[in-house]
Amino acid sequence: MEYGNQNMTPPPYYGHNAVYTQTNSVMKRVYFRMFIGMLISAFCALGVASSPAAIQFFFQNQVVFWGLFIGMLVMAFVIPARLTKMSTSTCLLLFCIFSAAMGIWLAPIFIIYKLGTIVYTFFITAGTFGAMSIYGYFTKRDLTKFGTYMFMALWGLIIAIVVNIFLKSSGLEWVISIVGVLLFTGLTAYDTQMVKRLSAANLEPQMADKLATMGALNLYLDFINLFLFILRFFGAGRD
């Protein structure tokens, strides 16, 4: 959920209207690119899930499986870290590749869960995400301090997930799911407020476009993780 380590010096004063227009422009691009990323993921997931050969290639070949996973991790760190040095087109291309890789990674849910459950969970996730993103955009409350705590909780959640891989505790699994839903609900509001602030703080067109892609990536990840944790509650395996 990082937005790069670049130092953003305050821009010259362009007037309230210019800042408002810039912010609106960036936020529209954020949500549009997030939507495109989700479409790419959905098509890739459905395509792989409908092909036994693709399932075998991606999930029964250990080299491909771990290569895909490591590739996603690398892109998740490279995009924000290299934000100022990449071109806008490269940044957007990496986001699209990341979305495709995530779609492939999510393909098994169409085999494990009923389609009705997935659709139902998607709409619950969309409603929750939308409400929290609206809150993050319009609230006057500074969420920066809460963001720090949420990042600490995120690391704790990751550790708990890894530990439970070995413990296989249903009780811990339930706690992880609850914490995951609450955590990514909060991160949705935080990331929305953060990209709004950054878009208002820098009026340089290329940087604004990169921030739109970065914001789309962060909110995309919030949505996907929120969806997966909610799916644990409502998911019932296929008959």
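No lab work stands behind these numbers, since they all come straight from the coordinates. Please read all numbers here as calculations on a predicted model, not as lab measurements. Counting neighbours? That spans all protein chains shown, and the Cβs are built from the backbone with ideal geometry, glycine included.
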Original post:
So what's the angle, to the nearest 10 degrees on a 0 to 90 scale, between helix 144-167 and the longest Cα principal axis of the chain?
Top reply: 20 degrees
**OP:** Give me the net charge of residue 91's neighbourhood, meaning all other residues with Cβ under 9 Å from the Cβ of residue 91; Lys, Arg count +1, Asp, Glu -1.
**Re:** +1
Original post:
Which peptide among 116-128, 185-197 comes first, and what is the full order, when sorted by highest mean count of other Cβ atoms within 10 Å?
Top reply: 185-197, 116-128
**OP:** State the answer as a single residue: which of 81, 176, 55 lies farthest towards the positive end of the charge dipole of the chain, with beta carbon charges of +1 for Lys and Arg and -1 for Asp and Glu, about the Cα centre.
**Re:** 81
Original post:
In degrees from 0 to 90, rounded to the nearest 10, what is the angle of the helix 16-49 Cα long axis to the longest principal axis of the chain?
Top reply: 20 degrees
Subject >> Overall Cα dimensions of the range 105-225, principal axis frame, Å, largest first >> reply: 49, 31, 24
Original post:
Which whole number of Å³ per residue matches the convex hull of the alpha-carbon atoms in the chain?
Top reply: 131 Å³
Original post:
Using the Cβ atoms and a cut-off under 9 Å, what net charge is assigned to the surroundings of residue 215, where Lys and Arg are +1 and Asp and Glu are -1?
Top reply: +2
Subject >> Length-normalised contact order of the chain in % [C-alpha pairs under 8 Å, at least 6 apart] >> reply: 37 percent
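Structure shown: which of 85/196; 85/145; 114/168; 114/210 lie over 26 Å apart, alpha-carbon to alpha-carbon? Provide the component values of the computation, followed by the final result.
Working: 85/196 21 Å; 85/145 28 Å; 114/168 23 Å; 114/210 37 Å.
From the list (85/196; 85/145; 114/168; 114/210), the Cα-Cα distance tops 26 Å for 85/145; 114/210.
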Subject >> Computed magnitude of the charge dipole of the chain (debye, nearest 20; Cβ of K, R +1, Cβ of D, E -1) >> reply: 200 debye
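Using helices alone, what [θ] at 222 nm do you get for the chain, with -39,500 (n - 2.57) per DSSP H run of 4 or more residues, divided over all residues and rounded to the nearest 500?
Working: 9 runs with 195 residues, N = 239.
That comes out to -28500 deg cm²/dmol.
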Subject >> Protection-proxy order for peptides 165-172, 51-58, each taking the mean of Cβ atoms within 10 Å per residue, highest first >> reply: 51-58, 165-172
Subject >> Principal axis box of the range 157-235, alpha-carbon based, largest edge first, Å >> reply: 50, 22, 16
